[in-house]
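What follows is a short report on a single structure.
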Amino acid sequence: MLRQQEDCLALAARLGFDDPPVFIDNDVSAFDGGRRPGYDALIAQVEGGVTHIVVWHVDRLYRQPRELEGLIDLVEHHPVRIESVQGGGFDLNTSEGRLMARQLVAIAAYESGHKSDRVKRANQRLAEQGRWHGPARYGYGPGGVLIAEQAAVIRQMADRFLAGESIRSITAWLNRSQIPPLRAGSDTSGLWHPYTVRSVLASARISGQRAYSPGTRADPAGGREILGPGDWERIITPEETARIRAILADPARRRTTTARPSLLGGIARCGKCGAGLTIAGHTSAPGANPTLRYVCQKDPSHPERGGLSISAPLLDDEVTRGILHRLGRPRPASDTSPISALVEQIVETNQRIALLEQDSAAGLITPRERMSGQRAAEEALQAAHRQLAAAGAVGLLTVPIGDPAGLESWWRRLNVADRRAVITTLIRKLTIAPGRPGRGFDPARIRITYAS
């Protein structure tokens, strides 16, 4: 583009025009019919009395015959001559000039259309082969290389959506957690928007599948047509993509309100059959107020299911205490899981920051020493947070780890969906063993396996 501009300015100088105005439509095709601000500004100059146009080649000025005819109509009242670096000049006010222009634009339109057909066919062949196409997308770098930190975010987004959370709620969580979108900081607001979240969730890409819809500019509600598996690593399963698309494409979804999820519904599992527990109201006697319990629902097709339940409020409290205790204190020596190691590292780093502030207040270190130590500690915290995201622990990115009092306040501010995200990050398996008839709540029935 710069070399073409230099050639045009050199031709203008030879023609006796010094310092002419320059009009550029960079990265805007003259063939696809889109708006061309530079071309529109040039036409306004012609209407204002400009008599010469200098272009690198006439196909840089117009490729659509309708654009040329509009210019020919214009020069009937505003005479203008076109000079080109490649191809010479011609006068649109003469019949010979108009004939030459029409022949050139017809050739340019044919060449552009032929090139477009070749590109579309090549892209279709790549799609049929399952090859990655296009630039980096959220979750993937160039060529479809998985970005672990972003993949963990997508995994959380999908889990939340399939658990009943809305697109707007997921968008609010992303922005509240200060998780940057793909192009944050590059002339963007740095915020997630509902249409971006929807596009990511509906894409075939995140489940390792190749989609192809050459005539579609905007993504349809149910996503683009899937041709088959892709040659890159998936983040969620194809079955999950199908479920997400079915929910997004359901017209009834816009007219109904999704029920608010329970804290442990689907997370807690039956110790007899392994099915996920659901929350239900239970009445001990006629006229009594119902109490909430997590229950293993009976299923005629699975006779082993049913007959197990546990108090929902008491189970919620017990699991919450375990989660806050784990986040508030360093791990035991027997725990060698990567996530626990990172949690312990964050605890120790926060303690180091607190000691720096205490030593500075006591005059034991200089302000410069405190600032240097705090800067190093904050860099260590950022590195630990990146590793948490890479390990799939996105739910822990905003947690005041190592601060028991702060954790209590933080937990109260979270909504149910955010609390579930923290729980599924820290707990790999939550099983409720069968209880004995007539006995009250028994914490020994709760068996927690923390994530490794």
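Please treat every number below as a calculation from the coordinates, not as lab data. Only a predicted model underlies this, so the values are computations on that prediction, with no experimental measurement involved. Counting neighbours? That spans all protein chains shown, and the Cβs are built from the backbone with ideal geometry, glycine included.
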>> Per-residue counts of other Cβ atoms within 10 Å, averaged by peptide: what ranking do you get for 357-363, 378-384, highest first?
In response: 378-384, 357-363
>> Can you order the peptides 36-49, 418-431 by their average number of other Cβ atoms within 10 Å per residue, highest first?
In response: 418-431, 36-49
>> What distance in nm separates the two pseudo spin-label positions at K429 and R412, each 7 Å out from Cα along the beta-carbon direction?
In response: 3.6 nm
>> Once R0 is set to 60 Å, what does the formula 1/(1 + (r/R0)^6) return for the Cβ-Cβ distance between A246 and R14, expressed as a FRET efficiency to the nearest 0.05?
In response: 0.40
>> What does the net charge come to around M157 if you take all other residues with beta carbon closer than 12 Å to its beta carbon, with K and R at +1 and D and E at -1?
In response: 0
> Highest mean first, what order results for 137-144, 440-447, 342-349 on Cβ atoms within 10 Å?
Replying inline: 342-349, 137-144, 440-447
> In nanometres, what is the gap between the two model label sites at A136 and R176, each 7 Å from Cα along Cα-to-Cβ?
Replying inline: 2.9 nm
